[in-house]
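Remarks on the structure that follows.
The values are calculated or read from the model by the stated rules, or taken from the named source; none is laboratory data. All figures in this text were calculated on a predicted structure; none of them were measured in a lab. So basically every Cβ, Gly included, is an ideal-geometry build from the backbone, and we count neighbours across all protein chains shown.
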Amino acid sequence: MPTAAGQIQPPRQYHHGTHHLDFESAIEVPDSHAWPDLDDLPSAAAAASPGTSVPVVDLSVSVDAVLGQLASACAAWGAFQVTGHGVPPGLLLRAEAASRRLFALPTSHKLRAARPAEGGASGYGTARISCFFPKLMWSEGFTIAGSPLEHARTLWPAGDPLAFWYKSVVHRAVVDRSRHRISVAYMCGPQKDAKVSPLEKLVEAQGRAAYRAVTWPEYLNLKGKLFGMALESCQEDMLVDE
C-alpha cells in the first residue's frame with residue numbers, strides 16, 4: 001500500500017521454502033495448499049447455472065463487431081472465449097496432449113528441468129507469484145521464456161505489452177477432484193530495449209502522460225517485486241521503497 005504521497009511500499013512476501021508436490025499421489029489437499037472459502041466472487045455452481053455462459057468473441061466477423069464483442073465481454077465478465085481465430089483444432093489437441101504428457105512424468109523427472117531458485121523464468125516449478133500469498137497454489141507449471149524451439153531442445157521433456165496499461169482481472173480456478181485442468185498460455189512482449197509508453201494521442205488529450213515509459217525487462221522486474229502494484233509504480237512521480 002502507498003505509505004505516503006508518491007511512494008509505494010512493496011507487498012509482503014511469504015517464504016514457503018521449496019515445495020514440489022506429487023500431484024499424482026496426493027489424496028487430499030495439504031494444509032500448505034488449502035485456501036479458505038472465497039465469498040467475494042461467484043461460485044463455480046453459480047457460474048454454471050442455466051442461462052449463464054462465458055462470452056464468445058468471433059474473430060471472423062468485422063473489426064467493429066469484434067471490438068463491440070470485446071468491450072461487452074470485458075465489461076461484463078473480464079474473460080471470454082475466442083472463435084474464428086484460424087488455429088487448426090488438431091494443433092490445439094496436440095498442444096494439450098503434449099502438456100498432459102509432460103505433467104504426467106514422475107516428479108523426479110520434471111525436476112531435472114526445474115526453474116532456478118533465483119532469477120530464472122524458464123523451467124518447471126510452482127507459480128512465481130506464490131511468494132505474495134500465504135498459501136501455495138494447487139498447480140504446477142512449465143515456463144518457456146524466449147524461443148520455444150530452443151527451450152524444447154534443452155528442456156523437453158528431460159513464453160504482454162498491453163498488460164502494462166490495464167489492470168487484469170483476478171484469475172482463480174477451483175480444484176477438480178476428478179480430473180486435471182490444463183492451461184497453455186502464450187504471452188508476447190516487445191524487444192528488450194523497446195520503450196513502452198502511453199499513446200501520444202491520449203497524452204495530447206489529457207495534457208500529460210499518466211505513466212512513464214518502461215522497457216519489458218524493467219516492468220517484469222517491477223512485477224516480481226510489487227506484483228499487483230507494478231502498474232501503479234509506473235505512474236509519473238511515483239517512488240518505490242526498497
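Asp64 falls short on exactly one of the conditions (1) part of a helix (DSSP H, G or I); (2) of a type outside the set (Gly, Ala, Ser); (3) under 23 Å from the mean Cα position of the chain (by Cα), and that condition is (3). Looking across Asp58, Asp40, Asp64, one residue alone is modelled with pLDDT under 80, acidic (Asp, Glu) and at negative phi. It is Asp40. For region 57-96, residues that are closer than 30 Å to Phe23 by Cβ and surrounded by 11 or more Cβ atoms within 10 Å (Cβ to Cβ) total 10. Within region 97-110, the set of residues being within 15 Å of Thr143 (Cα to Cα) and buried (at least 16 other Cβ atoms within 10 Å of the Cβ) comprises Leu102, Phe103, Lys110.
Restricting region 1-36 to residues that are of a type in the set (Phe, Trp, Tyr) and either modelled with pLDDT under 70 or more than 26 Å from Leu102 (Cα to Cα) (or both), the residue that is surrounded by the most Cβ atoms within 10 Å (Cβ to Cβ) is Trp35.
To keep it simple, each residue is scored yes or no on (1) modelled with pLDDT under 85; (2) assigned to a loop (DSSP other than H, G, I, E, B); (3) closer than 29 Å to Gly228 by Cβ.
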site	(1), (2), (3)
Val82	no, no, yes
Gly86	no, yes, no
Gly90	no, no, no
Arg94	no, no, no
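Among the residues of region 43-55, just one is modelled with pLDDT under 80, surrounded by 12 or more Cβ atoms within 10 Å (Cβ to Cβ) and not aliphatic (A, V, I, L, M), namely Ser43.
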